[in-house]
Amino acid sequence: MEEKEISKAVVKRLPRYYRYLGDLLSSGVERISSNELSDRMNVTASQIRQDLNNFGGFGQQGYGYNVKYLYNEIGKILGLDKTYHMIIVGAGNLGQALANYVKFEKRGFWIKGIFDVNPRLEGVAVRGIPIRMIDELPSFCRENEIQIAALTLPKEQAAKMADILVENGVRAIWNFAHIDLDVPEDVIVENVHLSESLMQLSYNLNHYERDHRKS
């Protein structure tokens, strides 16, 4: 049977569901209705039901959702029941901040290495992970079966580095460089352009202020 294609908007909401359900679990909540979840998440109950129906529903009429079961099932949909070997390329402030984020391992993302071109950083450890030089990267990727790379280099270096990563088996790039990468179709890229996000925030702030000046 042909797999149903899920819209990007639904996929984008799944991590939010996962996060809220995790908070509910931590609070000892065992079950929740779509209406109750709607109140917490500021997403309509109808939208929640539509989103989850893309994957089979998971709820029972008159009962709602079993929080632990739904949390685990969404985790599987997101691939969080697996482990991934990951590296960070670029050990500046952003790269080191990512390396210091302890929840990656809890989600199955194991940071195996950090790389940079600055010789002054060689051997410096970030949360116990030594910074290596870029010339070690190809063999390291192959020997450690690296699947994901977080790319925090300047855009002038990012495109060439993406080619090196792909050549050495990396299948997914978390791209923080302000450039759209040209990679093969079988390589997944998730772009995180911080300045674009900030500009969207600026747009929303300006429109909010303009609308409230009118009222």
With unit charges on the beta carbon (Lys/Arg positive, Asp/Glu negative), name the residue among THR152, THR44, LEU198 whose Cα is farthest towards the positive pole of the charge dipole of the chain.
THR44
With the contact rule set at Cα under 8 Å and sequence spacing of 6 or more, what percent relative contact order holds for the chain?
13 percent
Antiparallel as a % of all DSSP beta bridges within the chain, to the nearest 5?
20 percent
Segment 121-162: C-alpha gyration tensor shape, a/c 1.5 cut-off, then a/b vs b/c:
oblate
Gain in span if fully extended, THR83 to SER46, counting 0.36 nm per residue against the direct Cα distance
10.0 nm
Once LYS8 and ARG213 are pulled to full extension, the length gained, defined as 0.36 nm per residue separation minus their Cα-Cα distance, is 70.3 nm
Dividing the alpha-carbon Rg of segment 154-197 by 2.2 N^0.38 Å yields what?
1.09
Restricting to Cα pairs below 8 Å that are 6+ residues apart, what does the relative contact order work out to for segment 22-141? Please round to a whole percent.
17 percent
Log10 I(q)/I(0) at q = 0.07, 0.11, 0.13, 0.15 Å⁻¹ for the chain, from Debye over equal alpha-carbon scatterers, is -0.30, -0.71, -0.92, -1.08
Of all DSSP beta bridges with both partners in segment 87-215, the antiparallel percent, nearest 5, is 10 percent
Please compute the Cα-Cα pair-distance distribution of segment 111-215 with 10 Å bins starting at 0, giving whole percents from short to long.
14, 37, 26, 12, 8, 4, 0
Between ASP23 and ASN54, 0.36 nm times their residue separation minus their Cα-Cα distance comes to what?
8.8 nm
At most 16 other Cβ atoms within 10 Å plus a DSSP loop assignment makes a site exposed; report the longest stretch of the chain without any exposed GluC sites (Glu not before Pro).
31-121
Accessible area per residue, Å², segment 59-178 with all protein chains present, probe 1.4 Å:
53 Å²
Scoring only Lys, Arg, Asp and Glu (+1, +1, -1, -1) among other residues with Cβ under 9 Å from the Cβ of ILE179 yields -1
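The values are calculated or read from the model by the stated rules, or taken from the named source; none is laboratory data. Computed from a predicted structure; not experimentally measured. Backbone-built Cβ (ideal geometry, glycine too); neighbour counts: all protein chains shown. Calculation scope for accessible area: heavy atoms of the full protein, side chains included, ligands and nucleic acids excluded. Shrake-Rupley method; radii C 1.70, N 1.55, O 1.52, S 1.80 Å.
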